[in-house]
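Here's the structure, in structure tokens; my notes come after.
The values are calculated or read from the model by the stated rules, or taken from the named source; none is laboratory data. Values in this document were obtained by computation on a predicted structure and should not be read as measured data. Cβ placement follows ideal geometry from the backbone for every residue including glycine, while neighbour counts extend to all protein chains displayed. To get the accessible areas, we keep the full protein, side chains included, count just its heavy atoms, and leave off ligands, DNA and RNA. Shrake-Rupley method; radii C 1.70, N 1.55, O 1.52, S 1.80 Å.
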Amino acid sequence: VAREQVDMAIVILPDDDLPLDIEAWPILRKEHVVIAPKTCKSRTWRAAIRSNPLIRYESKTIPGLKIDDFLARHEISAQESIHMNYYETMVSFVARGMGVSIVPEADFGPAADQIKIFRLGEDTFYRDIGLLQRRGEKSPAFDAFRAALGAEAANEPHSLILAPPPIG
């Protein structure tokens, strides 16, 4: 969008400021959780991270940067083992006992019975998904697309729908 190669994009919204010519329209929010193998003996998310290899998003991605910030804020040094950007693979690796991961909560599918979920409580942070567009370039097609995304987001499990600004 910023390079004017596309008119709009659905992205994980960054925490930092966007360029002045870009508008963000938040659509939904997902709570991050720590997942561990069902066999994990840890009783807290902190203990699970400290005592197991961490399967995590690559540090140079928006999710990876958020996890870096989270770990630094809580002064947690993790045993990092695998960096990747494939959510389903991270969940699968955790279910197979290869380590723990910090991921947005979702329907964990077939792995759900093989993992333990630790909520972060007051330390919770989120993944916000939204639509980016160049400022001032709204159109009826954009408004219809944004409305359709909002309606579809309502079907997304384990998500908080972020109220978009009124259209019009």
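Scanning residues 5 or more positions from F125 or on other chains, those with amide H under 5 Å from its amide H are H32, with H placed 1.01 Å from N in the peptide plane.
The angle between the Cα long axis of helix 140-153 and the main principal axis of the chain comes to about 20°, on a 0 to 90 degree scale.
Which value, to two decimals, describes the C-alpha radius of gyration of region 1-66 once divided by 2.2 N^0.38 Å?
Details: Rg = 17.0 Å, N = 66, 2.2 N^0.38 = 10.8 Å.
After normalising by residue count via 2.2 N^0.38 Å, the value is 1.57.
Adding -39500 (n - 2.57) for every DSSP H run of four residues or longer, then dividing by how many residues the chain holds, sets the calculated 222 nm ellipticity at -7500 deg cm²/dmol. Extension gain for Y86-R73 works out to 2.2 nm (0.36 nm per residue, less the C-alpha to C-alpha distance). Principal-axis analysis of the Cα atoms of the chain puts helix 62-73 at an angle of about 50° to the longest axis. Grab the beta carbon distance between A154 and R46, set R0 = 45 Å, and tell me the FRET efficiency rounded to 0.05. Computed FRET efficiency for A154 and R46: 0.85. Couplings 3J(HN,Hα) for region 121-137, derived from phi with the Karplus relation 6.51 cos²θ - 1.76 cosθ + 1.60 (θ = phi - 60°), are x, 5, 8, 4, 10, 10, 10, 9, 10, x, 10, 9, 8, 5, 4, x, 10 Hz, where x marks Gly and Pro.
Per-residue 3J(HN,Hα) values for region 41-47, derived from phi via the Karplus relation 6.51 cos²θ - 1.76 cosθ + 1.60 with θ = phi - 60°, read 8, 4, 9, 9, 5, 4, 5 Hz in sequence order (x marks Gly and Pro). Please report the base-10 log of the normalised intensity I(q)/I(0) for the chain, using a Debye sum with one equal scatterer per alpha carbon and no solvent, at each q in 0.08, 0.16, 0.19 (1/Å). Results for the chain at q = 0.08, 0.16, 0.19 Å⁻¹ read -0.28, -0.95, -1.18.
Magnitude of the Cβ-charge dipole of the chain, K/R +1 and D/E -1, about the Cα centre, nearest 20 debye?
Details: 20 positive and 24 negative charges, 153 e Å.
Value, rounded to 20: 740 debye.
Rolling a 1.4 angstrom probe over the protein heavy atoms with all chains in place gives region 116-165 an accessible area of 57 Å² per residue.
By accessible area, using a 1.4 Å probe on protein heavy atoms only, region 1-128 has 49% of its surface on carbon and sulfur.
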